[in-house]
Every structure is written in C-alpha cells, then in structure tokens.
Amino acid sequence: MNNASERDLVCRVAGGSGGGGTTLTEEGKETVRKCRILRTEHEKFMERLDRRLGGAYRCYSIFRGVAMRISARNVLTGKVLEIRKGDVNSEVLLRLKGGDTLCAVITNRSVETLGLAAGKDAYGIVKSSDVILGKELQGTRVSARNLLQGTVDRIVHGPVSAEVSVKLPGGSVLASVITEGSAKSLELAPGDSVCALVKASNVILGVDG
C-alpha cells in the first residue's frame, strides 16, 4: 500500500508484549474515509446508470474481469525519467517515489504500445523471487542493472523460504523471497543494511488505461 502512495498509509509496530502489528497513519485514515465516500457515490452512480441503460452491472463485471490482478509481489509507482532506445530494445529508467531509480529493459514495440515518454506515470513490476539480496555490495561490479541499497524492514521465516521486506531510502518497499538457508547465512535482521539486486530484464512496466 505504501508503494502506491506518496506518503505512507500504514506503519508497522515491532513485536513485543502486544505482539506488534500494522496501524494506519493519519494519511491512511484520511484515505480510508475518502474511499468510503467514493464507494458510496460509485454505488449511486451505477444504480442511476443501470436505470438508464439496463444491464449496466453486467457490462461492468466484464470490464472488471479485464482489469487483471497479478501475482507479482512488487508493484512500484513512479515516473519515466529517461528512455534509451536501441535497435530492438529500450532501457527505461523509472524514478520511484523519494528519488530511487529502477531500470527496465523492454522491447521498442512495448515502449510504443505503452505510450512511454519522459514524465509519464508508470509502474515497475518485479516478482519477489527475482530480487536477490546481499550485504556490503557497494562498489561491487555485477551484471544486474539495478543495485538498490536499503534496510531490512521485516522478515517472515518459513521452513523452506523467507520473505524479506527491504525499505529503500525513498520509502518504497521491495519484497524478496529467498531460501531460509540464505536468510540464515546472511544473518539478516530488521535494521540491517542490505543490497537488492534486480536484473533490468526482470522488471515489467505497466501504465494505467
């Protein structure tokens, strides 16, 4: 949720006697209030439209079916900063909230289809399994185009895998799923400095509409 908003909507409270949890920020409370108003007004609008057209809800259900939900864990909002075109592919730099930058390599055809241009709003979509974590990688030369420095925000351990949330300086949160063995080998703990590596070819771009 925080990745989709300029200001944080929720904040996590570390575990303790109360067990920790997630609470709404003032911005989050205001967003919930507005969403409730929008939902009420939307229902009124659909009822009026259904009376005028008949069967409007059936058409609406079709439209909603087209708007797919995806399994990728990371959906990051940003603006296109720069596009560098090659013969077949383009390198697209996406500036995330807070100034973090994400690089994606997509085909020139996809750039045209999405209508991408500098300043356009877009989403960077990354599967959590495509996010590689490491420590003390600053200055290391690697083939991955994206090397994002952040801090461990949260770790969920499991018998086989662990999900690690990495908070970037700009406020975006990147989720990574690694093996439990790797999490223990890296000795990851909340607050640790960590680097997230993402290949540019593993970044999918999307736009509204």
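The values are calculated or read from the model by the stated rules, or taken from the named source; none is laboratory data. These numbers come from a predicted model, not from an experiment. Don't worry about glycine lacking a Cβ; one is built from the backbone with ideal geometry, like all the others, and counts go over all protein chains shown. Surface areas here come from the heavy atoms of the whole protein model, side chains and all, with no ligands, DNA or RNA. Shrake-Rupley method; radii C 1.70, N 1.55, O 1.52, S 1.80 Å.
Looking only at the stretch 159-191, count every residue that is open to solvent by 40 Å² or more (accessible area, probe 1.4 Å) and either assigned to a strand (DSSP E or B) or touching a residue at least 40 places away in the same chain (Cβ under 8 Å) (or both) and tell me the total.
Adding up the residues that qualify gives 10.
Could you give me the residue pairs with C-beta distances under 9 Å whose first residue belongs to the stretch 130-150 and is over 11 Å from Lys199 (Cα atoms), whose second residue is modelled with pLDDT under 90 and of a type in the set (A, V, I, L, M, F, W, C) wherever it lies, and which are 6+ apart or on separate chains?
Matching pairs, first to second residue: Gly134/Val142; Gln149/Leu137.
Of all residues in the stretch 200-209, which are out of contact with any helix residue (DSSP H, G or I) (no Cβ under 7 Å at 6 or more places or on another chain) and assigned to a loop (DSSP other than H, G, I, E, B)?
Result: Val203, Asp208, Gly209.
Using the structure shown, decide if Arg73 is in contact with a helix residue (DSSP H, G or I) (Cβ under 7 Å, 6 or more places away or on another chain), within 22 Å of Ser129 (Cβ to Cβ) and modelled with pLDDT under 90.
Yes: the conditions hold for Arg73.
So, in the stretch 129-147, exactly how many residues are open to solvent by 60 Å² or more (accessible area, probe 1.4 Å) and either farther than 15 Å from Ala175 by Cα or in a strand (DSSP E or B) (or both)?
11
Determine whether the stretch 70-90 contains at least one residue that is in contact with a strand residue (DSSP E or B) (Cβ under 9 Å, 6 or more places away or on another chain) and assigned to a helix (DSSP H, G or I).
no
Cβ-Cβ below 9 Å, separation at least six or inter-chain, first residue in the stretch 106-129 and on the phi > 0 side of the Ramachandran plot, second polar (S, T, N, Q) and surrounded by 18 or more Cβ atoms within 10 Å (Cβ to Cβ): which pairs?
Final answer for the pair search is none.
Restricting the search to the stretch 91-100, which residues are of a type outside the set (Lys, Arg), in contact (Cβ under 8 Å) with a residue 24 or more places away in the chain and surrounded by 15 or more Cβ atoms within 10 Å (Cβ to Cβ)?
Those that are of a type outside the set (Lys, Arg), in contact (Cβ under 8 Å) with a residue 24 or more places away in the chain and surrounded by 15 or more Cβ atoms within 10 Å (Cβ to Cβ): Glu91, Val92, Leu94, Leu96, Asp100.
Asn108 versus (1) surrounded by fewer than 17 Cβ atoms within 10 Å (Cβ to Cβ); (2) touching a helix residue (DSSP H, G or I) at 6+ places or on another chain (Cβ under 9 Å): which is the lone unmet condition?
(2)
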